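Right, one structure below, let's go through it.
Every number in this text was worked out from the coordinates using simple rules, so none of it is lab data. Predicted model, so just to flag it, every value in this text is computed and none were measured. For neighbour counting, all protein chains shown are included, and Cβ atoms are generated from backbone atoms with ideal geometry for every residue, glycine included.
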Amino acid sequence: MTKMFDVDRIRDDFPILKQRVNGNPLVYLDNGATSQKPQSVIDAIVDYYTTTNSNVHRGVHTMSQQATDGYEGARSKIRQFINAGKDEEIIFTRNTTEGLNLVAHSYGRQNIRSGDDIIVSNMEHHSNIVPWQMLCEENGANLKVVPIDDSGELVMDEYQKMLSSRTKLVSITHVSNALGTILPAKQIVDMAHAHGAPVLLDGAQAVPHMPVDMKELDCDFYVFSGHKLFGPTGIGILYGKEDYLNSMPPFLGGGEMIKSVTFEKTIYNDLPYKFEGGTPDIAGAIGLGAAIDYVNGLGFSRITAHEEELLQYGTEALESIAGVHIVGTAAHKAGILSFVMDAAHPHDIGTILDEQGIAIRTGHHCAQPVMQRFQIPATARASLAFYNTKEDIDALVKGIDRVIEVFS
Amino acid sequence: MSGLSDLYQEILLEHNSKPRNFKAVEDANQTSEGYNPLCGDQITLSLKIVGGVIDDVGFQGTGCAISRASASMMTQSIKGQSVEQAEHIFDAFHHMITEPEGEIDLDTLGDLETLSGVNEYPTRIKCAILAWHTMKAALSGDTQVTTE
């Protein structure tokens, strides 16, 4: 039997949600920027530093083994969470950005040459644009951009036309951070594979909202951050198919990523350690493992149902306010309500909402090409998590009414 | 919500909805572009300086109410002033916005005092100051400036 989704009880697990901001109860609608952490994640980190703190993979003492067990245990949890084949395919990074840069530096420099094409979309975060621009500048490859339509959907016909034998990598977001569009990831992967091109999916905004399955998607690389998934900042994940990761050169040289070092010859370590030079964020990995346990405890079937209901409720609420325009109206969306107002600039909206304790993001969301596509300087973005409620949306609507009042 | 009404005073909202000198000065001899990478606010300021006096000034661009009103009021305050006086107004404005405890030079600033409420909003100071840094850059002959 499916357990009821008791949001009030879930909110009790997140101590920060009891905060008051500017004299009002916090209404946290900036989950796309970073999510809040349940007590179990905070406890896991405190517990690690209180009882276990040691370096991993190099001590013979008991605590070092316990730290290693915790760190590697987190890796296994993440492998199961995204249904990857092997723990060796899970590389700990700092964040999504580092995962993208790792692939650009390692796979990109090794395999992409002058005249080759790298394909991205018009709705990428800057972190999935700039590393490829840097690579193209270095090696003379071309960056091709799949356009998006007025609703924020990828134009699949144009994508099809861009694919060719010159395509050496497709790097596309799974869910747009500025618009909320859920992209047809499986179809994107299959179409690229038909041309022999590997695919990297940026899952930063997908993993908090929906189950992702590496075996089903069949993508070659998948990157995300722990902190958007209710885990700590400073820890992220790169998933890569074993064959690709084995064939790629290391990213950061140093300790941990070697088997032996002499001045004549250094032998690199096996996966996943080959890509984890230096002491990793052990507490971060353990915290992310605890976050995944928490999310698994709720279950995505219930999370997704709750968030879809909230998104629909929020969409209808914003659409009903005269002078408010939602940016990003794709048929399949996750967690994001981006909007502009006739009366006020997003920055002013953000300040007036903040006075009422409502936290949203305003600006270009590190996706300036999206703003250029819609010919707007910025948007106000409310982004949802499973602990949000219809009351949060009602507070947002009331806050927007106040914006209209100030600017009338 | 006294903070909010201090920030969005009527005169500021009026300058936002009807900005003064919102134009490109056709025979400008100094122009500069200001950009706030944090929020994407952008302003182009053009000045016609004759014999050390700001004969005409105009601004164009996109931004929030605070950056727009600040730019509008700035153009009013420096038009017809000497370059030295414009720099003096800049210093007084900068002091007012960035030093919450400091004294406000009302003689120099006049209506610009309306914008003093911004100093309670650290995240909005760059909005208010963008046009001013752009003016300072234009007077120094720099064609581009950012608030970073």
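Just rank A:366, B:39, fewest to most, by other beta-carbon atoms within 10 angstrom. Each step should come with its number before you reach the end.
Working: A:366 18, B:39 25.
Going from sparsest to densest Cβ surroundings: A:366, B:39.
Among A:263, A:407, A:386, A:224, rank each residue by its count of other Cβ atoms within 10 Å, from fewest to most, as a rough exposure measure.
So the ranking, lowest neighbour count to highest, is A:263, A:407, A:386, A:224.
Rounded, prolate or oblate for chain A? Axes are the square roots of the Cα gyration tensor eigenvalues, ordered a ≥ b ≥ c, and the cut-off for rounded is a/c under 1.5.
Numbers: a/c = 2.03, a/b = 1.25, b/c = 1.63.
In terms of gyration-tensor shape, oblate.
Hey, rough spin-label estimate for residue B:50 and residue A:266, points 7 angstrom out along Cα→Cβ, what's it come to in nanometres?
So the two model labels end up 6.8 nm from each other.
Work out the FRET efficiency for residue B:87 and residue A:150 from their Cβ-Cβ distance, taking R0 = 30 Å, and round it to the nearest 0.05. Intermediate values should be presented prior to the final figure.
On the way: r = 47 Å, r/R0 = 1.56.
Result of the calculation: an efficiency of 0.05.
Which residue, A:95, A:140, A:126, has the largest displacement toward the positive end of the dipole of the range A:55-146 when charges sit on each Cβ (Lys, Arg +1; Asp, Glu -1)?
Most positive-ward Cα: A:95.
Using label points projected 7 Å from each Cα along Cα→Cβ, tell me how many nm separate residue A:12 and residue A:246, to one decimal.
Going from the residue A:12 label point to the residue A:246 one covers 5.1 nm.
What ranking do A:40, B:46 get, fewest neighbouring Cβ atoms within 10 angstrom at the top?
A:40, B:46
Among B:68, B:124, B:20, which one moves the most in a GNM of chain B with springs linking Cα atoms closer than 10 Å?
B:124
Helix A:390-406 against the longest principal axis of chain A: what's the angle in degrees, Cα atoms only, rounded to the nearest 10?
Roughly 60 degrees between the two axes.
Using the Cβ atoms and a cut-off under 15 Å, what net charge is assigned to the surroundings of residue A:153, where Lys and Arg are +1 and Asp and Glu are -1?
Working: positive: A:333, A:373; negative: A:124, A:149, A:150, A:157, A:158.
Neighbour charge sum, excluding residue A:153 itself: -3.
Across the range B:3-148, what fraction of all alpha-carbon pairs, as a whole percent, falls in each successive 10 Å bin from zero upward?
In order of increasing distance, the bins hold 13, 47, 35, 6, 0 percent.
What size of dipole, in debye to the nearest 20, comes out for the range A:42-296 about its Cα centre when the only charges are +1 on Lys and Arg C-beta atoms and -1 on Asp and Glu C-beta atoms?
The dipole magnitude comes to about 480 debye.
Starting from the Cα gyration tensor of the range A:5-128, take the square roots of the eigenvalues, sort them a ≥ b ≥ c, and report rounded, prolate or oblate (rounded when a/c is under 1.5, otherwise prolate if a/b is larger than b/c, else oblate).
Oblate.
Here is the link list: A:37/A:186; A:398/B:126; B:48/B:136. Which ones come out longer than 25 Å on Cα distance?
The answer is A:37/A:186; A:398/B:126.
Just grab the label-to-label distance for residue A:114 and residue A:190, each label 7 Å out from Cα along the Cβ direction, in nm (one decimal).
Each label point lies 7 Å from its Cα, and together they span 3.8 nm.
Give me the lysines in straight-line cross-link reach of residue A:259: C-alpha distance below 27 Å, same-chain residues under 8 apart excluded.
Within the straight-line limit of under 27 Å, residue A:259 reaches these lysines: A:77, A:86, A:241, A:274.
Please work out the C-alpha center-to-center distance from the range A:249-325 to the range B:80-127 and express it in whole Å.
Measuring centre to centre over Cα atoms gives 45 Å.
Using only the alpha-carbon atoms, how far is helix A:346-355 inclined from the longest principal axis of chain A? Give it as 0 to 90 degrees, nearest 10.
80
I'd like the distance between the alpha-carbon centres of the range B:9-76 and the range A:123-149, rounded to an integer number of Å.
34
Dipole size in debye (nearest 20) for the protein assembly as shown around its Cα centre, Lys and Arg Cβ +1, Asp and Glu Cβ -1? Kindly include the intermediate steps, with their values, before the conclusion.
Values: 42 positive and 73 negative charges, 301 e Å.
In debye, rounded to 20, the protein assembly as shown gives about 1440.
For the range A:239-344, with only Lys/Arg (+1) and Asp/Glu (-1) charged at the beta-carbon, what is the dipole magnitude about the Cα centre, in debye rounded to 20?
Result for the range A:239-344 is approximately 320 debye, rounded to the nearest 20.
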